[in-house]
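Undergrad: First, the structure itself, so that you have it in front of you.
The values are calculated or read from the model by the stated rules, or taken from the named source; none is laboratory data. As the structure is a prediction and not an experimental result, all values here were calculated from the model. Virtual Cβ from ideal backbone geometry, glycine too; neighbours counted across all protein chains shown. When the accessible area is computed, the model is the full protein with side chains, heavy atoms only, and any ligands, DNA or RNA have been set aside. Shrake-Rupley method; radii C 1.70, N 1.55, O 1.52, S 1.80 Å.
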Amino acid sequence: MFRPLFRPLWLLLGFTSLALGIAGIVLPLLPTTPFVLLAAWAFANSSPRLHAWLLANRTFGPLIRNWEQHGAISPRAKLLAIVSMAGVFAASWIVGAPDRVIIIQAVILPATSLFILTRPSGPKPPPGP
């Protein structure tokens, strides 16, 4: 009902998230996967054409389909996410980030890691007899 009213906002969110996800490929402090998934969700709410384009993308398509169909994160993506988070925490510690930043990271990063690690790694097996 209200979807057409919010279409420009969903598009803006989609393009912004996609840009951040692409930047995250080369910037170690920016996560790629969550931004690409957010872009896919925003495009699904605003532009079926852009959503289909993302699903057809060689790099991002499998990641998005795996999440949309199975709520799954590949083992490689899990490993990269956990290693990246540990690296960010270590870098923050080494450069002497303010205590509040270290505390926030010490709370949020393990919770995020737990969420990632508890997601399935691939399609769910069919139910047995």
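Undergrad: For the chain, which whole percent of the accessible surface, found with a 1.4 angstrom probe, sits on carbon and sulfur atoms?
TA: Values: 6410 of 8740 Å².
Whole-percent figure for carbon plus sulfur exposure: 73.
Undergrad: Still on this model: Between the helical axis of 75-94 and the dominant principal axis of the chain, each derived from Cα atoms, what acute angle in degrees is found, rounded to the nearest 10?
TA: 40 degrees
Undergrad: Restricting to DSSP H runs of at least four residues, report the calculated mean residue ellipticity at 222 nm for the chain, -39500 (n - 2.57) per run over all residues, nearest 500 deg cm²/dmol. Mind showing how you got there, number by number?
TA: Working: 6 runs with 97 residues, N = 129.
After summing the helix terms and dividing by the residues of the chain, the value is -25000 deg cm²/dmol.
Undergrad: Once phi is turned into ³J(HN,Hα) by the Karplus curve 6.51 cos²θ - 1.76 cosθ + 1.60 with θ = phi - 60°, what whole-Hz value does each residue of the range 57-73 show in order, with x for glycine and proline?
TA: Karplus-based 3J(HN,Hα) across the range 57-73 equals 5, 4, 7, 8, x, x, 4, 5, 4, 4, 6, 5, 8, 10, x, 10, 10 Hz.
Undergrad: The chain: D in µm²/s via Stokes-Einstein (Kirkwood Rh, Cα pairs, 10 °C, 1.306 mPa s)? Don't skip to the answer; put the middle values down first.
TA: Details: Rh = 16.2 Å.
Translational diffusion coefficient: 98 µm²/s.
Undergrad: Rounded to whole Hz and in sequence order, give me ³J(HN,Hα) for the range 37-48 from the Karplus expression 6.51 cos²θ - 1.76 cosθ + 1.60, θ = phi - 60°, writing x for Gly and Pro.
TA: Running phi through 6.51 cos²θ - 1.76 cosθ + 1.60 with θ = phi - 60° gives 5, 5, 4, 4, 5, 5, 5, 4, 8, 10, 8, x Hz.
Undergrad: Let me ask something else. Rounded to two decimals, what ratio of Rg to Rh does the range 30-92 give with C-alpha atoms and a Kirkwood Rh?
TA: Values: Rg = 13.2 Å, Rh = 12.5 Å.
Radius of gyration relative to Kirkwood radius: 1.05.
Undergrad: So for each of 101-107, 8-14 I average, over its residues, the number of other beta carbons within 10 Å; can you give me the resulting order with the highest mean first? Write down the numbers at each step before the final one.
TA: Working: 101-107: 12.7, 8-14: 15.6.
Highest-to-lowest ranking by the protection proxy: 8-14, 101-107.
Undergrad: Below 8 Å between Cα atoms, with a sequence gap of 6+, how large is the relative contact order for the chain in percent? Kindly include the intermediate steps, with their values, before the conclusion.
TA: Numbers: 116 pairs, mean separation 27.4, N = 129.
That works out to 21 percent.
Undergrad: If we sort 111-119, 92-100 on the protection proxy, mean other Cβ atoms within 10 Å, highest first, what's the order?
TA: On the way: 111-119: 12.4, 92-100: 10.6.
Ranked by mean Cβ neighbours within 10 Å, highest first: 111-119, 92-100.
Undergrad: Something else now. Roll a 1.4 Å probe over the protein chains and send me the accessible area per residue for the chain in Å². Before the final figure, lay out the partial values.
TA: Working: 8740 Å² over 129 residues.
Heavy-atom accessible area per residue stands at 68 Å².
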